[in-house]
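Following: one structure in structure tokens, then a few remarks.
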Amino acid sequence: MTDVKTHEGSCHCGAVAFEVDMSLDGLIECNCSHCYRKGFVLGFVAPDAFRLKAEGPQTEYLFNKAHIRHRFCETCGVQTFARGTGPDGTEMVAVNVRALTDIEPFSWTAQRVDGASY
């Protein structure tokens, strides 16, 4: 298991920036109509492990059961994170690993999940 580390991340233009305490284990790549089209690789953390450092103009996208509030930068359009609840009702933040700026691209492994069947 990879150790939990503090990672930096941002949208493309930098208007939305964050830091997150997370491991790069347990990442998922989902084939639902939303995640697949956007190419997300997601890691999930408790809300207290996620800290916004720059809160530029953002908007929100809800779909399906509206359990997850997908946030993205209004300037560049990059979705860096989402807030919502897991299947058991626990609050969580879904971090787009592709928005992390301090890791090597493709230095992680993600499990493919069949979200399209849910």
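The values are calculated or read from the model by the stated rules, or taken from the named source; none is laboratory data. None of these values were measured; they are calculated from a predicted model. Cβ atoms come from the backbone with ideal geometry, glycine included; neighbour counts cover every protein chain shown.
Structure summary
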{"quantity": "Members of the range 7-19 found to be farther than 13 Å from R98 by Cβ and in contact with a helix residue (DSSP H, G or I) (Cβ under 9 Å, 6 or more places away or on another chain), listed by number", "calculated": "V16, F18"}
{"quantity": "Options F50, F40; residue that is within 15 Å of H7 (Cα to Cα), aromatic (F, W, Y), free of Cβ contacts under 8 Å to residues at least 60 places away in the same chain and crowded, with 19+ Cβ neighbours inside 10 Å", "calculated": "F50"}
{"quantity": "Listing of strands (runs of 3 or more DSSP E) fully contained in the range 15-55 that carry 2 or more residues being modelled with pLDDT of 95 or more and β-branched (V, I, T)", "calculated": "16-22"}
{"quantity": "From the options A94, A110, A82, A99, residue that is more than 19 Å from F18 (Cα to Cα) and surrounded by 15 or more Cβ atoms within 10 Å (Cβ to Cβ)", "calculated": "A110"}
{"quantity": "Test: residue in the range 24-34 that is in contact (Cβ under 8 Å) with a residue 24 or more places away in the chain and farther than 22 Å from S117 by Cβ", "calculated": "yes"}
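Table: residues versus (1) surrounded by 12 or more Cβ atoms within 10 Å (Cβ to Cβ); (2) under 23 Å from L24 (Cα atoms).
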{"position": "H70", "(1), (2)": "yes, yes"}
{"position": "E74", "(1), (2)": "yes, no"}
{"position": "F106", "(1), (2)": "no, yes"}
{"position": "S117", "(1), (2)": "no, no"}
